[in-house]
Ligand SMILES: Cc1cc2nc3c(=O)[nH]c(=O)nc-3n(C[C@H](O)[C@H](O)[C@H](O)COP(=O)(O)OP(=O)(O)OC[C@H]3O[C@@H](n4cnc5c(N)ncnc54)[C@H](O)[C@@H]3O)c2cc1C
């Protein structure tokens, strides 16, 4: 049962005026071990990003290429004014350490301190942290201060080093669609919200016939083993537990442009640390299906939910990006703004100290990224852990 009208949860894609708009900019890291185990990558027709990023800093755009993947572009990185030789050596060392295993975040051999502290203690220069490491990982953790556990950082960094960053040809929702298509027909019931949960019974706003009894509030479904696979806040609410720490929010604006403002399929980071835009991506540079012929789709990610009027926000973003890409930005047409108040659960330093077990009480099992880590891989892994725990019960 799922409250939404289509499967996917936080991984959804909408067709809009010939464009494909993912609900917030997201990517699949091909090295995710659980995703490799479960997904058919070939059928997803994964389209790869350039390994590296542009950094917009002090009016100039710099390309930082991953020298292991793009040796021909390595000189841009090795000669870049954004990093020191010490930074380059440290990145090499960290890359080797993080890529050495495919362990999930909770098992990573680093202290559960904040990512910001980890990067500082590792010895990266102030300017490299500010220009590249901070905006890059702000865009992944969707929080401004990198309070997220260094174990999560180590996992993501390792996954990027072991594999590639990709988008399915026809949008991120192709991932849950592939999983849903494998299920027996009629086993998914959409538009069905759980409004009450007790051990052994759930009340749904729309239900059906499996051992169901109508009540004043909805349909009661009884079960021996029930899995509550909702997000952290809904799970806490339904179980009468204290609300979880403030989740990570993001805002994503989509624009149609005549052509891509970037000359490689890489993201472009705000390396100045000023303004409201964290990064810009052009999904149609990665997969042509994201935009109709003759157009480019530009996605702009902000961290959190800026308290600005919607129309003012679009103008503010256009003005800021005109400083990056020139006056052509003023001709971009705004397609949509997605405010996503719950994008990821809070994963601050220390979050991996306590084991979060799938069994909550007799007959009640939990599942979701809040039990593992906020990623597609974490959500898939949690699903397997819960299924295995029930089979062992
Ligand atoms: C903007 C954004 C960017 C992200 N970027 C990345 C990325 O680049 N790479 C990556 O790996 N991960 C990324 N993530 C994280 C990743 O998408 C999530 O960790 C993962 O999708 C969580 O899956 P889940 O099944 O745990 O939860 P969800 O996807 O939230 O699924 C919960 C389900 O419960 C349903 N539900 C909720 N309440 C009820 C109710 N009362 N009754 C019935 N059903 C209910 C919902 O409809 C939903 O289908 C991103 C997430 C967002 C939002």
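The values are calculated or read from the model by the stated rules, or taken from the named source; none is laboratory data. Small disclaimer: the values here were computed from a predicted structure and weren't measured. Neighbour counts run over all protein chains shown; Cβ positions are idealised from the backbone, glycine included.
Below are the figures for this structure:
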{"read-out": "The stretch 257-271 residues that are free of Cβ contacts under 8 Å to residues at least 60 places away in the same chain, paired with ones that are assigned to a loop (DSSP other than H, G, I, E, B) (beta carbon under 7 Å, 6 or more apart)", "value": "260/282"}
{"read-out": "1 or more residues free of Cβ contacts under 8 Å to residues at least 60 places away in the same chain: qualifying strands (runs of 3 or more DSSP E) within the stretch 312-373", "value": "359-361"}
{"read-out": "Close pairs (7 angstrom Cβ cut-off, 6 or more residues apart or separate chains): touching a residue at least 40 places away in the same chain (Cβ under 8 Å) and more than 13 Å from residue 341 (Cβ to Cβ) in the stretch 222-234, within 11 Å of the ligand (Cβ to nearest atom) and not in a helix (DSSP H, G or I) anywhere", "value": "226/202; 227/367; 228/197; 228/366; 229/367; 229/368; 230/368"}
{"read-out": "Qualifying positions in the stretch 335-393 - on the phi > 0 side of the Ramachandran plot and more than 21 Å from the chain's Cα centre (by Cα)", "value": "363"}
{"read-out": "Set 306, 341, 358: member being within 16 Å of the ligand (Cβ to nearest atom) and crowded, with 17+ Cβ neighbours inside 10 Å", "value": "358"}
{"read-out": "Test for residue 28: is it under 13 Å from the mean Cα position of the chain (by Cα), in the same structural domain as residue 77 (by TED's automatic domain parsing) and within 12 Å of residue 171 (Cβ to Cβ)", "value": "yes"}
{"read-out": "Criterion: surrounded by fewer than 20 Cβ atoms within 10 Å (Cβ to Cβ), in contact with a helix residue (DSSP H, G or I) (Cβ under 7 Å, 6 or more places away or on another chain) and farther than 30 Å from residue 356 by Cβ - qualifying residue of 89, 82, 64", "value": "82"}
{"read-out": "Which listed residue is within 22 Å of residue 26 (Cα to Cα) and touching a strand residue (DSSP E or B) at 6+ places or on another chain (Cβ under 6 Å), from 148, 192, 115, 203", "value": "115"}
{"read-out": "Filter pass, residue 4 being under 23 Å from residue 101 (Cβ atoms) and within 14 Å of the ligand (Cβ to nearest atom)", "value": "no"}
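The rows are residues; the columns are (1) surrounded by 22 or more Cβ atoms within 10 Å (Cβ to Cβ); (2) near the ligand (Cβ under 10 Å from one of its atoms); (3) in the same structural domain as residue 29 (by TED's automatic domain parsing); (4) closer than 30 Å to residue 292 by Cβ.
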position: 129; (1), (2), (3), (4): no, no, yes, no
position: 133; (1), (2), (3), (4): yes, no, yes, no
position: 141; (1), (2), (3), (4): yes, yes, yes, no
position: 155; (1), (2), (3), (4): yes, no, yes, no
position: 158; (1), (2), (3), (4): yes, no, yes, no
position: 162; (1), (2), (3), (4): no, no, yes, no
position: 198; (1), (2), (3), (4): no, no, no, no
position: 205; (1), (2), (3), (4): no, yes, no, no
